[in-house]
Amino acid sequence: MRSWMARTVAASAVVIGVLVGACGGSGGVGGGSLCGPPGTSPQCGGNQQCDPTLGCVDCTSNAACGAGAPYCVLGGCAACRTNADCGGATPSCFPQSHTCQRACTSSAGCPGNAPLCNTSTGACVGCNSGADCPRDAPICNPTTQQCVQCASGADCPAVSPVCLPVQGRCVQCAGTLGCGGSAPICSPDGACVQCVHDSDCPPGASSCDHGVCGPG
């Protein structure tokens, strides 16, 4: 049991690491994109591409994924999407990690980050519905079956109206969504600022320091 749980946690960490690399999400603020036009974007690092809904991602289709993790799920390559992609001794696709695992029969065998056994699918999950979630993360994400703060901008407060759907987190801005006026640029942590780089600043105040333009 310990080795199975260790494999589950390790696999979850890999997939979560990939998904958190996505730099944006769906918001309820005006027009714009989370990282620019679809396809490659200067806002996305490495070999990532821009998905207007998810942000900077490692994949936008299964074609970008390899044999070991052939399915593109929420911008990351995964081993399975549903139980139909699994079989043999590991027939259950665990939604948090999207890896094939041995089916659970009770919550006693599930790890702490997915403590509930969904006996209809044999998967250990963080939630089956919003009733399983706490007040500060009241929504059960249908893809990962984890409790999150938001699924769309409609779930977010006015002070942080943009939802990052991969992370399920409300932020002030993402990509080109949410900013304007004297703080037109969205920083990597989701806050509206004057600048991220020196090149964002005007002549005479050409040095960017913690999001504020000042003398060089």
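The values are calculated or read from the model by the stated rules, or taken from the named source; none is laboratory data. Just so it is clear, the model here is predicted, and its values are computed rather than measured. Note that we place each Cβ from the backbone using ideal geometry, even for glycine, and neighbour counts take in every protein chain shown.
Taking residue 130 as the residue in question, decide whether it is at negative phi and surrounded by fewer than 18 Cβ atoms within 10 Å (Cβ to Cβ). Walk me through how you get there before you give the answer.
Working: at negative phi: yes; surrounded by fewer than 18 Cβ atoms within 10 Å (Cβ to Cβ): yes.
Yes; evaluated as a whole, the condition is true for this residue.
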- Those residues of the range 195-213 which are in contact (Cβ under 8 Å) with a residue 12 or more places away in the chain, part of a strand (DSSP E or B) and either out of contact with any Cys (no Cβ under 6 Å at 6 or more places or on another chain) or surrounded by fewer than 13 Cβ atoms within 10 Å (Cβ to Cβ) (or both) amount to 212
- Determine whether residue 204 is within 14 Å of the chain's Cα centre (by Cα) and not assigned by TED's automatic domain parsing to the domain that holds residue 44. no
- Task: Kindly provide the set of residues from the range 112-127 that are surrounded by fewer than 18 Cβ atoms within 10 Å (Cβ to Cβ) and touching a residue at least 60 places away in the same chain (Cβ under 8 Å), ordered by number.
- Result: 113
- Quickly run through the range 170-194 and pick out the residues that are among the hydrophobic types (A, V, I, L, M, F, W, C), touching a strand residue (DSSP E or B) at 6+ places or on another chain (Cβ under 6 Å) and part of a loop (DSSP other than H, G, I, E, B). 173, 179
- Item | From 183, 174, residue being over 17 Å from the mean Cα position of the chain (by Cα) and of a type in the set (Gly, Ala, Ser) | 183
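Conditions (1) among the aliphatic types (A, V, I, L, M); (2) under 15 Å from the mean Cα position of the chain (by Cα); (3) under 17 Å from residue 166 (Cα atoms); (4) not assigned by TED's automatic domain parsing to the domain that holds residue 168, marked per residue:
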residue	(1), (2), (3), (4)
55	no, yes, yes, no
63	yes, no, no, no
96	no, yes, yes, no
111	no, no, no, no
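Starting from residues that are of a type in the set (S, T, N, Q) and over 30 Å from residue 170 (Cα atoms), keep the ones in the range 54-106 and report whichever is surrounded by the most Cβ atoms within 10 Å (Cβ to Cβ).
If we filter the range 54-106 for residues that are of a type in the set (S, T, N, Q), which is where we start, we get 60-62, 82-83, 90, 92, 96-97, 99, 101, 105-106.
Applying the additional criterion that residues be over 30 Å from residue 170 (Cα atoms) yields 83, 90, 92, 101, 105-106.
Details: 83: 16, 90: 18, 92: 21, 101: 24, 105: 10, 106: 9.
Among those that are of a type in the set (S, T, N, Q) and over 30 Å from residue 170 (Cα atoms), it is 101.
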- Item | Selection count, the range 60-90, where residues are closer than 21 Å to residue 142 by Cβ, touching a helix residue (DSSP H, G or I) at 6+ places or on another chain (Cβ under 9 Å) and assigned to a loop (DSSP other than H, G, I, E, B) | 4
- Item | Subset of the range 98-113 [modelled with pLDDT of 95 or more and either assigned to a loop (DSSP other than H, G, I, E, B) or among the basic types (Lys, Arg) (or both)] | 98, 102, 103, 104, 105, 106, 110
- Query: Of the residues that make up the range 152-162, is at least one under 16 Å from residue 35 (Cβ atoms), in a loop (DSSP other than H, G, I, E, B) and in the same structural domain as residue 95 (by TED's automatic domain parsing)?
  - Reply: no
- Note on the structure: Selection from the range 62-78 of residues without any contact (Cβ under 8 Å) to a residue 40 or more places away in the chain and either of a type in the set (Asp, Glu) or closer than 25 Å to residue 151 by Cβ (or both) yields 62, 64, 65, 69, 71, 72
